[in-house]
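K.L.:
Below is one structure. I have some questions about it.
The values are calculated or read from the model by the stated rules, or taken from the named source; none is laboratory data. This one's a predicted model, so the numbers in the text were calculated from it and none came from an experiment. Glycine also receives a Cβ, built like all others from the backbone with ideal geometry; neighbour counts cover every protein chain displayed.
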Amino acid sequence: MTTTSPPQPGELGLLARPGWPDATGHFGVFGGRFVPEALIAALDELTEAYEAMRVDPAFLEEFARLQRDYTGRPSPVTEVPKFAEHCGGARVLLKREDLNHTGSHKINNVLGQALLTRRIGKTRVIAETGAGQHGVATATAAALMGLSCTVYMGEEDTRRQALNVARMRLLGAEVIPVTTGSRTLKDAINEAFRDWVTNVETTNYVFGTVAGPHPFPAMVRDFQRVIGDEARAQVLEREGRLPDAVLACVGGGSNAIGIFTAFVPDEGVRLVGLEAAGDGVETGRHAATITGGSPGVLHGARSYLLQDDNGQTIESHSISAGLDYPGVGPEHSYLHDIGRAEYRPVTDAAAMEAFALLCRTEGIIPAIESAHALAGAMELGRELGPDALLLVNLSGRGDKDVETASAWFGLGDREEVDPGPGLDTDQQATEGAISNDEAVAGPDAGETA
Amino acid sequence: MSLLASRIAAAKAEGRAALIAYLPVGYPDVERSIEAMVAAVEAGADVVEIGVPYSDPGMDGPVIQEAVDVAVRAGVGMRDVLRAVEAVAAAGAVAVVMSYWNPVERYGVERFAADLAAAGGAGAITPDLIPDEAGEWIAASDRAGLDRVFLVAPSSTEARLRSTTAACRGFVYAASTMGVTGTRATVGDAAETLVGRTRAAAPDLAVCVGLGVSDGDQAAEVAAFADGVIVGSAYVRELLEGRGPDGVRALTADLAEGVRRAAVTA
């Protein structure tokens, strides 16, 4: 599929950085550290150890070896011409992070942080998880490196993502359902911080996205930038040019930062983040933090967030558990404010339309998170027209989402499944596998099946 | 001299530690939370730490979270907090606000400082704001003449003890253990060690100890080495278990006896 050779240690993107954050973790006015003093020593220790590790040839070699032999990097780039027919004729290339071991980009980061955990001599890792992908990745890395692992997951999410709970437990991790607050990802993060402050002597917090206090946003970005480093070289090699736009879904924003970073200096390349608009930003039931939020402080950093007039975090809503988060990484807030990246909302319905379309036209079941980026490509492609070249980060695969998608499309567990007009196998995909309103009617459609 | 520092000094002049009672605004509702605060003052609390409800209280354990969740859902905000400040000050105690940073930032840092001073508040404790990030608050609290209380922890380095205490006015909050708020069977040696290290870094600043103190015996233990004893979860539990202002009075009496007992044995 690809002829790009694995990055060599000396060429690893880890050694390259944009001009931010500053030494104390600020991306312009965003980022920083808004945490209890008790955690500062641990964050300082992590920062210092990480800065030493990222220039250590032995680490770089081991990290590159794991990425190649364990994760299966580099991930390929796949052109999807039949899907692209629904994108105004623009050409669409997918960066296939769905093909990584554990099924998403999350493994890129946890391998780095697990190596760092070993380096600072801690024996236990904790993690938060929403959809379960970061929890599974962390449990995987912990199993590989002999670390004990505890994953905090909102009780609500443990029900929505029961399969991933089972996967984590198979991998030897302890999964703790969180029953405080809204019982979702944000509360899992609170609980993980409480565990960390209590057990910091033995425990490292493997944070799953480019949010949180310094050094997490910079460190997670560095570990994820391999996505864009590879993709940029792959696109140049096969097309002899850069893409016109790079698209990725944004919850906390790690897969987006991962693919954006290599392209930030390429001013002609548009960087487009797709936020989960749930029922629509205007309904208030969404997770589109930059589109519909305002700057504030949450989970250790200043960034955009969804908040009310009292500064209370507002619960987010999205069909995608991985995007269902009321905050966003501070670097995204910065890229937004300096105008280097743009952020657009994608509703549940639009994401599910793109989800079904990729399944039917290309034989690839994407994660619902990544389907938001695909929906963004459909919209942007129509705006840019047939000459455009779009690079989309397919950040994860959709195995975990089969139940949600079945409910959405009314595919239930009846013996004779009527897939509905939108998924009728006799229909031409080019008709729009899901252009029929009934097929994208919303969750209620599933309950009537 | 700051309101907090002078009240703590007055307690010291009596040969005892100050008693600082934490109660969140809005549990079980705004009126009754203010009644509970006034009850604590009448029964002998020197300072009331008035908690601003917040949806993501990362430093708090389950007891405080449970109460604060109720207040957040009821939409309790800074106006209610300022009413509590006025009531506590009128009752004769020093009122200090305890707030995670986002509610303050949302209200407006400058406006918060001005309104808090106008309500008769002494200042604010900011558990998730370190001095390194506090430029705006330091400037605003200076202009308004407010105290500002940052935290130190057993994990704080000597350099951080120095820089953090240098940014404090009123007192410094010593988090006795590595962990979140909640009652504990023992407060432990870590607290005494931390107080000693903090005093070495800032000989002229009062050091008050929080996290884990729940009764008169523990208060006496902490009062033997600290300038003030901060009690939170035990107060909130009185309200959660429905004992209301009477429960708050009884707990305060026990604690007030504890902070005086130390003087006898010290």
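K.L.:
Could you list, in sequence order, all residues of region A:195-231 that are β-branched (Val, Ile, Thr) and within 14 Å of chain B (Cβ to nearest Cβ)?
P.N.:
Of everything in region A:195-231, those that are β-branched (Val, Ile, Thr) and within 14 Å of chain B (Cβ to nearest Cβ) turn out to be A:Val197, A:Thr198, A:Val200, A:Thr202, A:Thr203.
K.L.:
Just to verify a result, which residue in region B:17-38, among those that are surrounded by fewer than 24 Cβ atoms within 10 Å (Cβ to Cβ) and touching a residue at least 12 places away in the same chain (Cβ under 8 Å), is nearest to the other protein chains (Cβ to nearest Cβ)? Full working, then the answer.
P.N.:
Filtering region B:17-38 down to residues surrounded by fewer than 24 Cβ atoms within 10 Å (Cβ to Cβ) leaves B:28-32, B:34-35, B:38.
Next, from what is left, pick out any that are touching a residue at least 12 places away in the same chain (Cβ under 8 Å): B:28-30, B:32, B:34-35, B:38.
Numbers: B:Pro28: 18, B:Asp29: 16, B:Val30: 13, B:Arg32: 19, B:Ile34: 18, B:Glu35: 22, B:Val38: 24 Å.
The extreme case among them is B:Val30.
K.L.:
Being touching a residue at least 40 places away in the same chain (Cβ under 8 Å) and within 14 Å of chain B (Cβ to nearest Cβ) is the filter here; which residues of region A:160-189 pass it?
P.N.:
Within region A:160-189, the subset touching a residue at least 40 places away in the same chain (Cβ under 8 Å) is A:160-161, A:163-164, A:175, A:182, A:184-186, A:188-189.
A:Ser182, A:Thr184, A:Leu185, A:Lys186, A:Ala188, A:Ile189, listed by residue number.
K.L.:
A:Thr198 fails exactly one of the following numbered conditions: (1) without any contact (Cβ under 8 Å) to a residue 60 or more places away in the chain; (2) out of contact with any Gly (no Cβ under 6 Å at 6 or more places or on another chain). What is the number of that condition?
P.N.:
Of everything listed in (1) without any contact (Cβ under 8 Å) to a residue 60 or more places away in the chain; (2) out of contact with any Gly (no Cβ under 6 Å at 6 or more places or on another chain), A:Thr198 misses just condition (2).
K.L.:
Mind checking whether some residue in region A:228-248 is touching a residue at least 12 places away in the same chain (Cβ under 8 Å), closer than 30 Å to A:Ile40 by Cβ and not assigned by TED's automatic domain parsing to the domain that holds A:Ser148?
P.N.:
Within region A:228-248 (the criterion being touching a residue at least 12 places away in the same chain (Cβ under 8 Å), closer than 30 Å to A:Ile40 by Cβ and not assigned by TED's automatic domain parsing to the domain that holds A:Ser148), the answer is no, since none of the residues qualifies.
K.L.:
Could you say whether any residue in region A:71-89 is over 22 Å from the mean Cα position of the chain (by Cα), surrounded by 15 or more Cβ atoms within 10 Å (Cβ to Cβ), part of a helix (DSSP H, G or I) and charged (D, E, K, R)?
P.N.:
Yes, region A:71-89 contains at least one residue that is over 22 Å from the mean Cα position of the chain (by Cα), surrounded by 15 or more Cβ atoms within 10 Å (Cβ to Cβ), part of a helix (DSSP H, G or I) and charged (D, E, K, R).
K.L.:
Hey, another quick one. I'd like to check which strands (runs of 3 or more DSSP E) are fully inside region A:275-356 and have at least 2 residues that are touching a Phe, Trp or Tyr at 6+ places or on another chain (Cβ under 8 Å) and within 14 Å of another protein chain (Cβ to nearest Cβ).
P.N.:
Hits in region A:275-356: A:294-298, A:301-305.
K.L.:
Quick one: B:Gly247 ticks every box in (1) closer than 19 Å to A:Glu37 by Cα; (2) without any contact (Cβ under 8 Å) to a residue 12 or more places away in the chain; (3) crowded, with 17+ Cβ neighbours inside 10 Å except a single one, so which number is it?
P.N.:
Among (1) closer than 19 Å to A:Glu37 by Cα; (2) without any contact (Cβ under 8 Å) to a residue 12 or more places away in the chain; (3) crowded, with 17+ Cβ neighbours inside 10 Å, the lone unmet condition for B:Gly247 is (1).
K.L.:
Additional query: Would you call A:Val220 under 19 Å from the mean Cα position of the chain (by Cα) and more than 30 Å from B:Pro53 (Cβ to Cβ)? Explain how you work it out, then say what you get.
P.N.:
Working: under 19 Å from the mean Cα position of the chain (by Cα): yes; more than 30 Å from B:Pro53 (Cβ to Cβ): yes.
When the stated conditions are applied, A:Val220 passes them.
K.L.:
Tell me the residue from A:Ala143, A:Ala131 that is of a type outside the set (S, T, N, Q) and over 18 Å from A:Gly252 (Cβ atoms), please. Spell out the reasoning first.
P.N.:
Numbers: A:Ala131 fails: over 18 Å from A:Gly252 (Cβ atoms).
Just a single option satisfies the conditions, and that option is A:Ala143.
K.L.:
Given the options B:Glu221, B:Glu257, B:Glu241, name the one that is free of Cβ contacts under 8 Å to residues at least 60 places away in the same chain and buried (at least 18 other Cβ atoms within 10 Å of the Cβ).
P.N.:
B:Glu221
K.L.:
Out of curiosity, is B:Ala84 modelled with pLDDT of 95 or more, more than 22 Å from B:Ala119 (Cβ to Cβ), surrounded by 24 or more Cβ atoms within 10 Å (Cβ to Cβ) and under 17 Å from the mean Cα position of the chain (by Cα)?
P.N.:
Against the criterion (modelled with pLDDT of 95 or more, more than 22 Å from B:Ala119 (Cβ to Cβ), surrounded by 24 or more Cβ atoms within 10 Å (Cβ to Cβ) and under 17 Å from the mean Cα position of the chain (by Cα)), B:Ala84 does not qualify.
K.L.:
Are any residues in region B:167-193 among the β-branched types (Val, Ile, Thr), in a loop (DSSP other than H, G, I, E, B) and in contact with a helix residue (DSSP H, G or I) (Cβ under 7 Å, 6 or more places away or on another chain), and if so, which ones?
P.N.:
B:Thr177, B:Val180, B:Thr181, B:Thr183, B:Val187
K.L.:
I've got another one for you. Checking A:Leu144 against (1) buried (at least 19 other Cβ atoms within 10 Å of the Cβ); (2) more than 13 Å from every other protein chain (Cβ to nearest Cβ); (3) over 21 Å from the mean Cα position of the chain (by Cα); (4) of a type in the set (A, V, I, L, M), only one condition comes out false. Which one?
P.N.:
(1)
K.L.:
So, one more: Tell me which residues, restricted to region B:46-91, are away from chain A (no Cβ under 13 Å) and among the β-branched types (Val, Ile, Thr).
P.N.:
Passing the criteria: B:Val47, B:Val48, B:Ile50, B:Val85, B:Val88.
K.L.:
Of all residues being buried (at least 18 other Cβ atoms within 10 Å of the Cβ) and either assigned to a helix (DSSP H, G or I) or on the phi > 0 side of the Ramachandran plot (or both) in region B:198-214, which is nearest to the other protein chains (Cβ to nearest Cβ)? Just the residue, please.
P.N.:
By that ranking, first place goes to B:Leu211.
K.L.:
With the structure loaded, tell me whether A:Val55 is modelled with pLDDT under 95 and either β-branched (Val, Ile, Thr) or touching a His at 6+ places or on another chain (Cβ under 9 Å) (or both) or whether it fails that test.
P.N.:
Yes.
K.L.:
Please indicate, with yes or no, whether at least one residue in region B:163-185 is basic (Lys, Arg), at pLDDT 95 or above and over 18 Å from B:Val96 (Cβ atoms).
P.N.:
Within region B:163-185, not a single residue is basic (Lys, Arg), at pLDDT 95 or above and over 18 Å from B:Val96 (Cβ atoms).
K.L.:
Which of the numbered conditions does A:Ala38 fail, given that it passes all the others? Conditions: (1) modelled with pLDDT of 95 or more; (2) in contact with a strand residue (DSSP E or B) (Cβ under 9 Å, 6 or more places away or on another chain); (3) surrounded by 20 or more Cβ atoms within 10 Å (Cβ to Cβ).
P.N.:
(1)
K.L.:
Name the residue that is nearest to the chain's Cα centre (by Cα), counting only residues in region B:39-68 that are surrounded by fewer than 23 Cβ atoms within 10 Å (Cβ to Cβ) and farther than 20 Å from A:Asp195 by Cα.
P.N.:
My answer is B:Gly44.
K.L.:
Could you give me the residue pairs with C-beta distances under 8 Å whose first residue belongs to region B:138-159 and is more than 14 Å from chain A (Cβ to nearest Cβ), whose second residue is modelled with pLDDT under 95 and not in a helix (DSSP H, G or I) wherever it lies, and which are 6+ apart or on separate chains?
P.N.:
Listed by first residue and then by second, the contacts come to B:Asp147/B:Ser2.
K.L.:
Anything in region A:42-66 that is surrounded by fewer than 20 Cβ atoms within 10 Å (Cβ to Cβ), in contact (Cβ under 8 Å) with a residue 40 or more places away in the chain and within 11 Å of chain B (Cβ to nearest Cβ)? List them, or say none.
P.N.:
A:Glu45
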